[in-house]
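Okay, so here's the structure we're looking at.
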Amino acid sequence: MLEILKPVFYLLIFPGLLFTGVLGLFFMWVDRKVTALIQSRIGPPWYQCYADIGKLLYKQVIIPAGSNRLSFVAAPLIGLAGISLAASIIWMVNINKSASFIGDLIVVMYLFVLPSLALIIGGAASRNPFSSVGASREMTMVFAYELPFILIILTAVIKTRSIIFEDIITYQLLNGAMIASASGILASIVFFICMMAKLCYLPFDIPEAESEIIGGTLAEYSGALLAIFKLTNAMMLLAVPLFLITLFLGGIDVSSIKGIVLLTSKYLIILVLVILVKSTHPRLRIDQALKFFLGPVTAIAVISVILAALGV
């Protein structure tokens, strides 16, 4: 019986939904607080993100007339399930490398698409013109940034000759973090840019664009369903940088105080860079974002793959 409950515990409690969700909301507060300081504001108290989720959970869920009720309700659950499972796998393979399985890298890569897919489904199901525009923009953005994102994953696969997290982590333990190589530096830069788009942060918050399309895909969401979307975003803010750390920055070591401090330092550096970029760059137009991702970003990713194949 305990063996059957273990996967459920890993997914829902630790290190999945609850653990990653609590940490993600905390770092979302850090994001809001630092952004406020940059803009000469005080910012919210530390508990504000938790209070926002709690408040939304108690509010009424309003389903717009004429919408596809099943898709509208299922969309946020799909996104939450995807990020919970992705976060669980990333944590587990770093805590216990023997938990890795064949193709887990590919599985996580696809799981990270589910939150974006959830936004597309939810926006399209809302029957709201702003939500439809937001869903269309989200779909276009996914097609744009997924190509360079897949290419940089291929960089890690070529360097380690494996699609298993255990081999990737072991390779970096023996040879140093991949970011120390030319191909690793380029791959990390492209990963960071794609991460900003996955998180829907400026300058790539095009699908939400509150000043243009009133929240876009989330325009019709309220109550618990909106809370689930916001929790998913908070978990993405933690899980996607951890994916970057696992692939190119030497992996995660939580077996010692030194390892935890090092992990925290790596994550905070990434978080500060994210905050600085989104606080200092204006939103791009959708056509500008497409040209950017399918042009220079993809070109850098291709160069990274070539350098990895050459062993550089």
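The values are calculated or read from the model by the stated rules, or taken from the named source; none is laboratory data. This one's a predicted model, so the numbers in the text were calculated from it and none came from an experiment. Positions of Cβ are backbone-derived with ideal geometry, glycine not excepted, and every protein chain shown enters the neighbour counts.
Residues of the range 237-262 that are out of contact with any Gly (no Cβ under 9 Å at 6 or more places or on another chain) and over 15 Å from residue 192 (Cβ atoms): 251, 254, 255, 256, 257, 258, 259, 260, 261. Answer yes or no as to whether residue 170 is crowded, with 23+ Cβ neighbours inside 10 Å, in a helix (DSSP H, G or I) and of a type in the set (S, T, N, Q). Judged against the criteria, residue 170 is not a match. Per the conditions (1) in a helix (DSSP H, G or I); (2) in contact with a helix residue (DSSP H, G or I) (Cβ under 7 Å, 6 or more places away or on another chain), the sole criterion not satisfied by residue 163 is (1). Would you confirm whether any residue within the range 179-197 is among the polar types (S, T, N, Q) and under 13 Å from the mean Cα position of the chain (by Cα)? Taking every residue of the range 179-197 in turn, none turns out to be among the polar types (S, T, N, Q) and under 13 Å from the mean Cα position of the chain (by Cα).
Summed over the range 125-147, residues that are within 12 Å of residue 207 (Cβ to Cβ) and not aromatic (Phe, Trp, Tyr) total 13.
Restricting the search to helices (runs of 4 or more DSSP H) fully inside the range 220-312 and requiring at least 1 residues that are over 25 Å from residue 50 (Cβ atoms), acidic (Asp, Glu) and under 22 Å from the mean Cα position of the chain (by Cα) gives an empty result.
So that you can scan it fast, the table gives a plain yes or no per residue for (1) touching a residue at least 60 places away in the same chain (Cβ under 8 Å); (2) closer than 29 Å to residue 268 by Cα:
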{"position": "31", "(1), (2)": "yes, yes"}
{"position": "35", "(1), (2)": "yes, yes"}
{"position": "45", "(1), (2)": "no, yes"}
{"position": "51", "(1), (2)": "no, yes"}
{"position": "70", "(1), (2)": "no, no"}
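Put simply, of 279, 304 the only residue that is at pLDDT below 90, surrounded by 13 or more Cβ atoms within 10 Å (Cβ to Cβ) and among the polar types (S, T, N, Q) is 279. Residues in the range 245-270 that are more than 18 Å from residue 156 (Cβ to Cβ) and crowded, with 19+ Cβ neighbours inside 10 Å: 263, 267.
If I ask for residues that are among the small types (Gly, Ala, Ser) and surrounded by fewer than 18 Cβ atoms within 10 Å (Cβ to Cβ), which ones from the range 82-98 would you list? Within the range 82-98, 98 is the sole residue that qualifies. Take residue 218 and tell me if it is modelled with pLDDT of 90 or more and of a type outside the set (Phe, Trp, Tyr). No. Considered as a group, the residues in the range 60-81 that are under 20 Å from the mean Cα position of the chain (by Cα) and crowded, with 23+ Cβ neighbours inside 10 Å include one that is nearest to residue 121 (Cα to Cα), and that residue is 75. When the range 173-187 is filtered for residues that are part of a helix (DSSP H, G or I) and in contact (Cβ under 8 Å) with a residue 24 or more places away in the chain, the ones remaining, listed by number, are 173, 178, 179, 182, 183, 184, 186, 187.
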